[in-house]
Amino acid sequence: MHPVILDLGPLKLHSYGLMIFLAFVAGTWLGVRRASKIDIPTGVVMDMTVWVLISSLLGARLTYVIVHMDEFRGRWLDTISPVQSDGTIGIAGLIILGGLAAGIPVAWLFLRRRGIPFLKMADVMIPSLALGVAVGRVGCFLNGCCFGKPTDLPWGVVFPYGCYAASVFPDQSIHPTQLYSVLYNAVICIVLLLRSPHRKFQGELFYMYLLLYGIARACVESVRYIRFDTVPQIGGLQISGSMAAATLMAVAGLVLLIRGHHRARDDAAR
């Protein structure tokens, strides 16, 4: 665990922030390469990426603040200030699903103004999202956040003292849910790239992402540590907001995929 890569007193280079930056770079690089193959200008991809990045960060931060309201009582400025009340520089605490909820509508509005079909661009960029999340989750592991529950599995991880995971489960082997997320997002990215040349209709890759990410995220949430005791349970399984949202994503993706394939089949029969 290396939450801070470079420490210069009040100025710290956090591994989480560094990996978010690298995720942005990796995702943009892949998106530009894919867009160039279908004659979408690089400038359009870059402009959209900037708007989506800003809106996603705001959405992810807002969602985190809402879910962790007690953490900011008495120091509300820390929710948006790059200089925290304890003197450190930087903002920590993001929820990816909140970023998706904000970024997708912004992308839709941007593309509508440019006259580019949303689903066409979504199929181009969605592997980039999977790649970016995979890279970003490495930062979660290095930071010791977004961790799992105790486990006896051989790949369980004991986090060192000084991080949130160790404060909750000291000297205990826990699920490395961050690495699970790295793995399934990397696999989703590869699956989407392999399917891309064979897609049957616009939006297929986007819908596949909703389905695959939703299933994988819901499964990982089942072994992820949930901070609040008030989270509802079904059969002993805690149903977090992220699990519920991921399940809805998977259902929506499945329905849209089925409908899209039916329409493609009907169009081919005409």
Inset, instruction - Sort out which residues of segment 194-209 are over 13 Å from the mean Cα position of the chain (by Cα) and either in a loop (DSSP other than H, G, I, E, B) or buried (at least 16 other Cβ atoms within 10 Å of the Cβ) (or both), and write them in order of number. - result: SER196, ARG199, LYS200, PHE201, GLN202, GLY203, GLU204, LEU205, PHE206, TYR207, MET208
Legend entry - Hits in segment 246-270 - residues which are at pLDDT 90 or above and of a type in the set (Gly, Ala, Ser): ALA246, ALA250, ALA252, GLY253, GLY260
Legend entry - Matching residues in segment 193-214 - criterion: being closer than 17 Å to VAL255 by Cα and among the basic types (Lys, Arg): ARG199, LYS200
Legend entry - Output for segment 37-68, where each listed residue is more than 20 Å from TRP108 (Cα to Cα) and more than 21 Å from the chain's Cα centre (by Cα): LYS37
Inset, instruction - Please find, among LEU11, LEU62, LEU77, LEU58, the residue that is touching a strand residue (DSSP E or B) at 6+ places or on another chain (Cβ under 6 Å) and either modelled with pLDDT under 90 or crowded, with 20+ Cβ neighbours inside 10 Å (or both). - result: LEU11
Inset, instruction - Would you be able to say whether some residue in segment 17-31 is touching a strand residue (DSSP E or B) at 6+ places or on another chain (Cβ under 6 Å) and modelled with pLDDT under 80? - result: no
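Going by the structure shown, is TRP108 in contact (Cβ under 8 Å) with a residue 12 or more places away in the chain and among the aromatic types (Phe, Trp, Tyr)?
no
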Inset, instruction - Identify all residues within segment 122-176 that are assigned to a loop (DSSP other than H, G, I, E, B), surrounded by 15 or more Cβ atoms within 10 Å (Cβ to Cβ), out of contact with any His (no Cβ under 9 Å at 6 or more places or on another chain) and of a type outside the set (Phe, Trp, Tyr); write none if there are none. - result: GLY144, CYS145, CYS146, CYS163, GLN172, SER173, HIS175, PRO176
Legend entry - Selection count, segment 30-45, where residues are free of Cβ contacts under 8 Å to residues at least 60 places away in the same chain and not small (Gly, Ala, Ser): 6
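I'd like to verify a number: residues in segment 37-65 that are part of a loop (DSSP other than H, G, I, E, B) and β-branched (Val, Ile, Thr), how many?
So the first thing to find is which residues in segment 37-65 are part of a loop (DSSP other than H, G, I, E, B), and the list is 37-41.
Next cut, β-branched (Val, Ile, Thr) only: 38, 40.
Result for segment 37-65: 2.
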Inset, instruction - Starting from segment 245-263, keep only residues that are in contact (Cβ under 8 Å) with a residue 24 or more places away in the chain, then list their pairs with residues that are not hydrophobic (A, V, I, L, M, F, W, C) and not in a helix (DSSP H, G or I) whose Cβ atoms are within a distance under 9 Å, requiring at least 6 positions of separation or different chains. - result: LEU256/GLY203; LEU257/GLY203; GLY260/LYS200; GLY260/GLN202; GLY260/GLY203; HIS261/LYS200
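In segment 14-28, which residues are touching a residue at least 60 places away in the same chain (Cβ under 8 Å) and either closer than 19 Å to ALA102 by Cβ or assigned to a helix (DSSP H, G or I) (or both)?
Answer for segment 14-28, where residues must be touching a residue at least 60 places away in the same chain (Cβ under 8 Å) and either closer than 19 Å to ALA102 by Cβ or assigned to a helix (DSSP H, G or I) (or both): SER15, TYR16, GLY17, LEU18, MET19, ILE20, LEU22, ALA23, PHE24, ALA26, GLY27, THR28.
The values are calculated or read from the model by the stated rules, or taken from the named source; none is laboratory data. Quick caveat: nothing in here was measured; it's all calculated off a predicted structure. Positions of Cβ are generated from backbone atoms using ideal geometry, with glycine treated the same way; all protein chains shown enter the neighbour counts.
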